[in-house]
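The structure appears right after this line, and notes come after that.
Values quoted throughout were computed directly from the atomic coordinates according to the rules given, and no laboratory measurement underlies them. Quick caveat: nothing in here was measured; it's all calculated off a predicted structure. A quick note on method: Cβ atoms are made from the backbone with ideal geometry, for glycine too, and the neighbour counts reach across all protein chains shown.
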Ligand code: AMP
Ligand code: GLY
């Protein structure tokens, strides 16, 4: 089989790496890939949002399967476009990718189906939204309706902050049309976890739990990012909570969609807040998470391509997932300045020192690989906000932390920034 992976982050390097393990696969392309995917796949210089050229490329190369990493092409309808041409692709169609593409859509469907989520109101008008916030008080959460690269959610702890957020989204139009309407929802105090599941239209096949770390700094301080690290499994999701997530969230959603004549195919990711042992949905994503994928797929023993094909063909009821029992932990090495502005093109040192370490995996994100044609010497340069993911596997979480953080000591680039506390939140559950 020839497989095309769309995207260029750590998630996509991990997808390429896992797909490369499949005996079904002869050749992998990655559009547009990064300095890590280039060793396992042929990087193709087509943007993930250039659907027309991606369709053309898939036709020309007779691609057997396309796997989409990021949300924007899914929300834009890439699956419909590929399927119109008879091309096999993994992910939901446009009418269901809107679960991620519109927070209003997601909240309204959850409300209709009785899926636990924070109380909310939808606003189209700045003054009405402002009045609501002054009546409701803080903390409160303001969400731009549409896609905003993970930056469209503001947790406001003061009325001033809340008003600023409204201005940013509704008046200054920081996120463009994504801010034409907003969701304002009650703040939920608890601990976050992510559950991803393969859905084949009807059957739900959950993956191991994981926990992302969205804020930039240790102790969950600073602005939200795409994710600064993760681990799996997430001990906060015990059996009881896991069952509630399936029974109260995934099942009602998939059944409700089926009743509307809609069949979700792909990976569905529920971002959850666990509060007093009850799960609440913060968001749905219609794709693999980043960096959650980097801690989930190294634990998956199955052939990912087989699972993807079973999802597309509606036969997940015949698949059992088999997991490596160890903990997997990922720390993201980011560019100082991310998630705002940062410089690119800085040398990355030390990756060769960790490439052979046992139970350590390196997934590139914002990197490029350069090779000197004469000396054949290879070097990597920074090329994005999140630069490298260092992933480690170990029997217990503390050992996984030690492995990853000691590997990181070998790696350096100018302005490197990473969180030093990935995994700490889980320790309280493991000590009791
Ligand atoms: P979202 O993109 O909706 O998942 O929101 C991004 C982040 O904002 C989440 O990962 C949470 O950390 C935070 N957040 C979103 N909604 C709420 C809420 N209702 N209560 C508390 N924190 C929230
Ligand atoms: N880790 C958060 C996301 O993938 O949206």
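Residue separation of residue 399 and residue 119 scaled by 0.36 nm, minus their Cα-Cα distance, works out to 96.8 nm of gained length. Quick check: Cα centre of the stretch 205-256 to Cα centre of the stretch 300-351, how many Å? Cα centroid of the stretch 205-256 versus Cα centroid of the stretch 300-351: 15 Å apart. Among 396, 322, a tally of other beta-carbon atoms within 10 Å of each Cβ gives an order, fewest to most, of 322, 396.
Give the order of 287, 88, 315, 52 when sorted by the count of other beta carbons within 10 angstrom, beginning with the fewest.
By the 10 Å Cβ count, ascending: 52, 315, 88, 287.
For a Förster distance of 45 Å, can you work out the FRET efficiency between the beta-carbons of residue 202 and residue 372, rounded to the nearest 0.05? Calculated transfer efficiency: 0.25. Considering all C-alpha pairs of the stretch 1-120, those separated by over 21 Å amount to 42%. Once the chain from residue 343 to residue 255 is taken as fully extended at 0.36 nm per residue, the excess over their C-alpha distance is 27.0 nm. Report summary: the helix-based calculation at 222 nm, which adds -39500 (n - 2.57) for every DSSP H run with n ≥ 4 and divides by the residues of the chain, gives -8000 deg cm²/dmol.
R0 = 25 Å: FRET efficiency of residue 158 with residue 111, Cβ-based, nearest 0.05?
My answer for the efficiency is 0.35.
Structural descriptor for the chain: relative contact order 16 percent, calculated from alpha carbon pairs under 8 angstrom and at least 6 residues apart. Listed from fewest to most Cβ neighbours within 10 Å, the set 326, 318, 136 follows the order 318, 136, 326.
With coordinates expressed along the principal axes, the C-alpha atoms belonging to the chain extend over 68, 47, 46 Å, beginning with the largest.
Relative contact order, whole percent, for the stretch 141-235 stands at 22, derived from Cα pairs under 8 Å and 6 or more residues apart. Across the stretch 222-320, the convex hull enclosing all Cα atoms gives 133 Å³ per residue. Measuring nothing but how far apart in sequence close Cα pairs (under 8 Å, 6+ apart) lie, relative to its length, the stretch 42-128 scores a relative contact order of 21 percent.
Scaled to the globular estimate 2.2 N^0.38 Å, the Cα spread of the stretch 65-224, given as radius of gyration, is 1.15.
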